Structure formats: structure tokens, C-alpha cells
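What follows is one structure encoded as C-alpha cells, with my remarks underneath.
The values are calculated or read from the model by the stated rules, or taken from the named source; none is laboratory data. Keep in mind it's a predicted model, so treat the numbers as computed, not measured. Positions of Cβ are backbone-derived with ideal geometry, glycine not excepted, and every protein chain shown enters the neighbour counts. Quick note on the areas: whole protein, heavy atoms, side chains included, nothing else; ligands and nucleic acids left out. Shrake-Rupley method; radii C 1.70, N 1.55, O 1.52, S 1.80 Å.
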Amino acid sequence: MRHRIAVIGGGPAGLTFARVLRRHGYPVTVFERDPAPDARPPGGTLDLHEQLGQLALDKAGLLAEFQALSRPEGQAMRILDTDGTVLRDWRPRPDDRANPEIDRGRLRDLLLGTLDIRWGRTVTQVVPGTSDGALVRFADGRQEAFDLVVGADGAWSRVRPAVSSATPHYTGVTSVETALDDVDTRHPDLARLIGDGSLAVYGVNRALVAQRNSGGHVKVYAQFRAPLEWHTNLDPADVEALRSTLLALFDGWAAPVLELLRHGGTFVHRPLHVLPVSHTWPHVPGVTLLGDAAHLMPPLGAGANLAMLEGAELAESLAGGPDDLDDVVRAFEEQMWARAGRWAKITTAGLERLVSPDPAEALALFDQVQPS
């Protein structure tokens, strides 16, 4: 198999696909719009599931390195009532590696390895079915043709229109992200409140979630139901105005919980969008999708895991399958759609329960997933 293969997007899906394909001795070209690996903050922490993300890393030959970098203690979960009462305080066993956490930046660096990435290459369009294959057009005016283009370029994929007219729609839930640095030294009370993993507080149609990352860094997410344009009259550069607005939204919650917002340095608006639950498309020779580009779903721990496993499985199928790319990709898509559809239903229902008029729904969901 010596086909010309390109993957668009240097996130977990695209990098896993490239690493596994390279492990089997096949060339692949990775295009990433960021000009460098550290061009922007890599994001928070991910829990990689034993039968999803960890399986993908095993296929890439990276499982042992992941285990050395991951934080099994990060699986801990504490849930408080809005008055500060501890409702659940789940801690993993010392040998529990079902869903260990890893910072996105560390995972990215692990997957990058010695891959040759074409940085700063923004894709504007993919045109399938040309006489030379699928044509990839770039913002700088250049274009290249490939036998297979894999779109792993996220929620607002530029590859997706080549196979599907679907676009993400707003869930009605917005997340505003902030962060605390050096929490154990600068905010020891909050460090103790959060514990080793995550802290969640659920109220009526809103939630506050804090997640430990490495090095004393904590990500805080304020989640609430609101119109998409709720923030139009707020200046995104006015940190104190944003802080005041959020504190008003969570007025009456326990003072220690609100300290998570009072100490945040910046606030980033992240409205939650999704693709249709059962998103599929008529097979298009020469183009396919992975991860959020294929099945954007609520961020409840499944998306990156599925994306990585899909990347690994597609790479293995291409490396071990027949020379007919079309047959291999078609079979992969059928398998991906079935599994992603199940997870999309689970996460969509989960978001409805976690940011709900009845906070007891969030607690009941936790008890189903992680019985105390």
C-alpha cells in the first residue's frame, strides 16, 4: 500500500492515525493550521478510557509511555451541594487505571514524537473526485492531491463539506472557562476542596466544575443554560465585568465554591455545539472524517477517546487491508457511525441531566456511572 494519504488536523485523532500508520511503515502527510505545537494553549485534561483511548495508544506502541505520564489519582471525583455539603467523594483504588487523566499538552507531545507535521497550513476546501484524486486547497493559494484525505480538523471542519452538509448546532448550554495556577501554594483551601481529581457542584440549570491538571494548574468551567448571544453586551477583555456576571449567575452558592470564580485570571466563552446524534453521510471516495469532524458531541469524556480509537482503527485497516482504499474506508465508516451514534446518545442525554432544572439528576447520573 503506497497510496498518497493526508490527514487534516494535528489533534488526538489525526496524530493517532498518523502514528499508527507510520508504525506499520506507511507514509502519511499531516497538515495543521497552527504555526507550531505551542502556538496556543493545549486545553485541559483528558481521561483516557481503557477500551478506547488507551487501546488506541497501545495500537500506536505508546501505552507504556502514557502510563508513565498519566495521573491515575486524577480519576477522583467529589460532588458538592450548592451550600458546600459533600454529597459524593469517590476515590480510585491505587491500581485503578480504567480512566487515568493526562494533560492535553502532554498527550499531544507523546503523539507527535518524530512525526513530520506541516505546520501553518490552513485548509480552505477539499474537492473529491478530480482526475488526480481528492484535491486539498490551502489558504496560501497552494493545492495538493491525495488518494485519501482524512478530515480530523474538529468541530468546524473544512473537510466535512466534501462529504456532508451537516453543521454543528448550539445545545443551549454555554461553558465559560477560567483557570487557577499554582493552586497548592497560592490557594491551599481550594486545593483541598478540589482534591486530587475533579470537583463538581450542580444547581438549577447550572454547574461549576474544577479539574486538576499537572503542576498545580486547575481548569474551572462554569456551565449554564443561556441563549447563544447571552454575552453580546459584555466586553471579552473586561475580566472583572465577566467575573461579576458569572458570580451573579451563581449567587447564593457556598462562598468556597465561588472562590473558584473569584480567583480566575481570564475567562473564555465556549458555547457547546454538537452534530446530529446519528450523523452519517453517503460514502465519498477519497475523503473521510474522524472525531469531532464526524460526530461532535457534548464534552463528557467520550469525544477524544473515540477520535483516537477511530484514528488507530482506520490506520490499521489501511495498513492491513486490500489495495482498494474505497472498500477499506467504507467498512470503517460503517463501524464508526454505529459506535459514535451510541456514544452521541449517551452524552446528549448526559448533558441534559448534568445541566438540568433538577440537580438531583446529575447526582443520579454519577451514581449510575460510578456507584459509591
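All of Pro271, Pro298 fail the test of being open to solvent by less than 20 Å² (accessible area, probe 1.4 Å), within 26 Å of Val209 (Cβ to Cβ) and not in a helix (DSSP H, G or I), apart from Pro298. Within segment 39-54, the presence of at least one residue that is open to solvent by 50 Å² or more (accessible area, probe 1.4 Å), within 30 Å of Ala255 (Cβ to Cβ) and not in a helix (DSSP H, G or I) is confirmed.
Set side by side, the residues Leu234, Leu242 differ, and just one is farther than 20 Å from Ala200 by Cα and open to solvent by less than 40 Å² (accessible area, probe 1.4 Å), which is Leu242. Annotation note: Cβ proximity below 7 Å between a residue of segment 144-162 that is at positive phi and a residue that is in a helix (DSSP H, G or I) and buried (at least 23 other Cβ atoms within 10 Å of the Cβ) (sequence gap 6+ or interchain) occurs for Gly154/Asp292; Gly154/Ala293.
As a summary of the residue check, Glu310 satisfies the conditions (1) among the acidic types (Asp, Glu); (2) more than 27 Å from Ser164 (Cβ to Cβ); (3) open to solvent by less than 40 Å² (accessible area, probe 1.4 Å) except for the one numbered (2).
Restricting Leu111, Leu135 to residues that are buried (at least 19 other Cβ atoms within 10 Å of the Cβ), touching a helix residue (DSSP H, G or I) at 6+ places or on another chain (Cβ under 6 Å) and at pLDDT 95 or above narrows the list to Leu111. Restricting Asp132, Asp109, Asp182, Asp140 to residues that are at positive phi and in contact (Cβ under 8 Å) with a residue 12 or more places away in the chain narrows the list to Asp182.
Only one of the listed residues (Asp89, Asp83) is open to solvent by 30 Å² or more (accessible area, probe 1.4 Å), at pLDDT 95 or above and in contact with a Lys or Arg (Cβ under 9 Å, 6 or more places away or on another chain). That residue is Asp89. The selection criterion, being of a type outside the set (Asp, Glu) and at pLDDT below 95, holds for Gln370.
Within segment 318-339, the set of residues being open to solvent by 30 Å² or more (accessible area, probe 1.4 Å) and modelled with pLDDT of 95 or more comprises Arg330, Ala331, Glu334, Gln335, Trp337, Ala338, Arg339. Within segment 224-240, identify whether any single residue is under 26 Å from the mean Cα position of the chain (by Cα) and in a helix (DSSP H, G or I), and answer yes or no. So far as segment 224-240 goes, yes, one or more of its residues are under 26 Å from the mean Cα position of the chain (by Cα) and in a helix (DSSP H, G or I). Scanning segment 350-366 for residues being assigned to a helix (DSSP H, G or I) and open to solvent by less than 50 Å² (accessible area, probe 1.4 Å) gives a total of 8. When Glu310 is tested against the conditions (1) in contact with a His (Cβ under 7 Å, 6 or more places away or on another chain); (2) closer than 20 Å to Ala155 by Cα, the lone failure is (1).
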